[in-house]
Amino acid sequence: KSDSLAEQFERSHGVDPRLLPERINVETVTAWLEGRQSPADRVLTTAALFWNEFRAGQVTQLIREVRQVVDKNSAPGIVLSTAVFPEPSSAYLENGQEYQAWAAEGLVDRLYPMAYFGDAGRVSAQLREITATIPRTSQVSLWAGLGALGKNPAQLGKEARIAGENGYDGVALFSLGHLLKKNAAPAGAEAVRAPRLSPVPKTGPIETGILASAPPGLLPPNIHALKNIACKALGGSPAENGLETKLALRLQEYDHARQHSIPTTLNQLKGGLITVPERLTLGGIFRYASPMDSPARWQEQEALCEKARSRLLAGEELATVAEEFSQDNSKTMGGLLAPRFLDLLDPQDQELAQLLPQEISRVIRVANGFWCYRLEDRSLGKQMAFAEAPWEAKRILFRRALSEMMTGEAGTGLQAWPS
């Protein structure tokens, strides 16, 4: 995170964004909106959403400036296109790509959703979601980015037909280098050229008027901004039932926390020595599953992770099993993962904390697939000043202390935390 941007956000919103959750996803945002998180986690998620909007605003401002230069200096017919991640919610939350708003504002001429991976079911779900959430009043054209890696011409042809049935204007194959290397360029091009592409449907199921582009600067937290952010974070189509009432509660508790609980918590942490959390070194096997995948695909990936776990339990080398099974960086790192601090408010970390050296965990389901871990080493935390601790440790300590602070406030009646 940029120091200058972090300082701007802290001045405006009362908390350093480096203390906020590093990643949030649609499941996190849904739990936040419905009040299923703890009071502290709701506050942290609200702040993280405002920070995410600020970062997205920097990306959008760059695109806006490029649009202005293209319009002013380019010859007629020049097309400004963007290749974007294929799931609107994660594209916005993880990459600052609010392309529904770009389309509504007319910042780009073409969008190329990169639906490169997975079977036809996943590709179809991704392409359908985008056509359902791009405002039909926009002039942007949609081109399906299809992945040629590991797919034959028949599979590519099927995906191209799916794109046509969902109103895409054309298809782009990724990547040319792969196609040329495999001498598959002519066959691949012919496969996706053959399907007849249909016109883009002119009706959409969602209200797109509120999907405004993120501003380049920081604005005070308000209900209109939070509604716009929540809609983008949930892929453009949250349920309207009681939405503004729920958002008003989230904003109310956030405003109280940034004026009271957050500064009090930070002053306590900075006022003396802290002990950084215990640190684990783990090996791991990961199998990826997209939220867009079918239940059968999730079951298949879980079964493969279970198979990898069985081989580890039988004494097979971690590096060998990881190379064959893992779909994470551990595949090429001998199965080893970067050391991590334990966050005992996290249910997964609570489970990992019980492992003994060389013990293997059960297969654990996460938002994007399945993990199986082996504990390699653990080290107790050291005492130091809060300012000297690594940011990962600071985030965990801040979350824990804020949770204790807000739980105490609720218990003494100083603040009633509505859900």
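Coordinate-derived values only; no laboratory data. Not measured: the values here are computed from a predicted model. All Cβ positions, glycine included, derive from the backbone under ideal geometry; neighbour counts span all protein chains shown.
A straight Cα-to-Cα reach below 17 Å connects Lys182 with the aspartates and glutamates Glu190, residues fewer than 8 places away in its own chain not being considered. Taking 19 Å as the straight-line reach from the Cα of Lys72, the aspartates and glutamates in range (excluding those fewer than 8 positions away in the same chain) are Glu105, Asp109.
Per-residue packing, averaged as other Cβ atoms within 10 Å, sorts the ranges 52-60, 381-389, 64-72 into the order 52-60, 381-389, 64-72, beginning with the highest. The percentage of C-alpha pairs in the chain whose separation is greater than 41 Å is 24%. Taking amide H as placed 1.01 Å from N in the peptide plane, the amide H of Val171 sits under 5 Å from that of Ala144, each at least 5 places away or on another chain.
Applied to region 273-278, the Karplus parametrisation 6.51 cos²θ - 1.76 cosθ + 1.60 on θ = phi - 60° returns per-residue 3J(HN,Hα) values of 7, 10, 10, 5, x, 4 Hz, with x for Gly and Pro.
Across region 283-352, C-alpha contacts under 8 Å between residues 6 or more apart give a mean separation that, scaled by the residue count, equals a relative contact order of 34 percent. Remark: relative contact order (the chain) = 17 percent; criterion is Cα-Cα distance under 8 angstrom and separation of 6 or more residues. Taking other C-beta atoms within 10 Å as the exposure proxy, Arg311, Arg399 rank Arg311, Arg399 from fewest upward. With K and R counted +1 and D and E -1, the other residues having a Cβ less than 13 Å from that of Pro153 yield a net charge of +3.
One chain, two ends: Arg365 and Asn95. Fully extended at 0.36 nm per residue, the span grows by 94.8 nm beyond their Cα-Cα distance.
Rounded to the nearest 500, the 222 nm mean residue ellipticity of the chain from helices alone is -15500 deg cm²/dmol, with -39,500 (n - 2.57) taken per DSSP H run of at least 4 residues.
When His260, His224 are sorted by how many other C-beta atoms sit within 10 angstrom of their C-beta, beginning with the fewest, the order is His224, His260. Annotation: lysines with alpha-carbon distance below 20 angstrom to Lys246 (same-chain offsets under eight excluded): Lys227, Lys232. Met333 to Thr245: FRET efficiency via 1/(1 + (r/R0)^6), r the Cβ-Cβ distance, R0 51 Å, to the nearest 0.05? Step by step, r from the Cβ atoms, then E = 0.60.
For region 277-379, taking the reciprocal of the average inverse distance between every pair of different Cα atoms yields a Kirkwood hydrodynamic radius of 13.7 Å.
For region 75-134, what class follows from the C-alpha gyration tensor (a ≥ b ≥ c being the square roots of its eigenvalues): rounded when a/c is under 1.5, otherwise prolate if a/b is larger than b/c, else oblate? Kindly include the intermediate steps, with their values, before the conclusion.
On the way: a/c = 2.10, a/b = 1.61, b/c = 1.30.
Prolate.
Around the amide H of Val84, modelled in the peptide plane, lie the amide H atoms of Tyr112, Met114, all under 5 Å away and 5 or more residues distant in sequence or on another chain.
Remark: Ile364, Ile274, Ile134 ranked as Ile364, Ile274, Ile134, counting other beta-carbon atoms within 10 Å and listing the fewest first.
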